[in-house]
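No lab work stands behind these numbers, since they all come straight from the coordinates. Just so it is clear, the model here is predicted, and its values are computed rather than measured. Please note: Cβ atoms are built from the backbone with ideal geometry, for glycine as well, and neighbour counts cover all protein chains shown.
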Amino acid sequence: MTETTAEMAMSPNELYREEVITDRRVGTVRRLIPITADGAEDASRPVQYIGSAQVLTPGGALPLSFELQADSLEQAVEQFAGAAEQALQSTVEELKEMQRQAASSIVVPKSGADPSGGLGGLGGGGIQMP
């Protein structure tokens, strides 16, 4: 088995069955139910809830995905709006930081190249200094 194949192998001890719950308006809640390798529910691990939504921006739809710290579907639905807002704010801050980094990046010319794009110190001129 190659290293890539080993990385892609599923772990039989970390399987989940996924249910998708939606109000067909705002977003979805994915309920991840832990199961054993034979498909039976695994009560030794907690059910997980993941929220998903999209926000329309001038650049197009911005997908959001966020964990909901809930013990039931009812709690997950109650937490959805606050967690979505938090995920949106976090995403906006990450995008602003990426823009700041891109704007402040310094372009360093390759060694031996003239910063203006010419040949620099590679010769080719007819004038030589003694």
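Quick one: P(r) of region 3-94 from all Cα-Cα pairs, 5 Å bins, percents rounded to integers, in order of increasing distance. P(r) over region 3-94, rounded to whole percents: 3, 13, 19, 18, 15, 14, 11, 6, 1, 0. Gain on full extension, evaluated as 0.36 nm per residue between M98 and T5 minus their Cα-Cα distance, stands at 30.2 nm.
So if we plug the beta-carbon distance of E19 and L62 into 1/(1 + (r/R0)^6) with R0 = 22 Å, what FRET efficiency do we get, rounded to 0.05? Efficiency for this residue pair is about 0.35. Computed extension length for T28-L88: 20.1 nm, one decimal, from 0.36 nm per residue of separation with the Cα-Cα distance subtracted.
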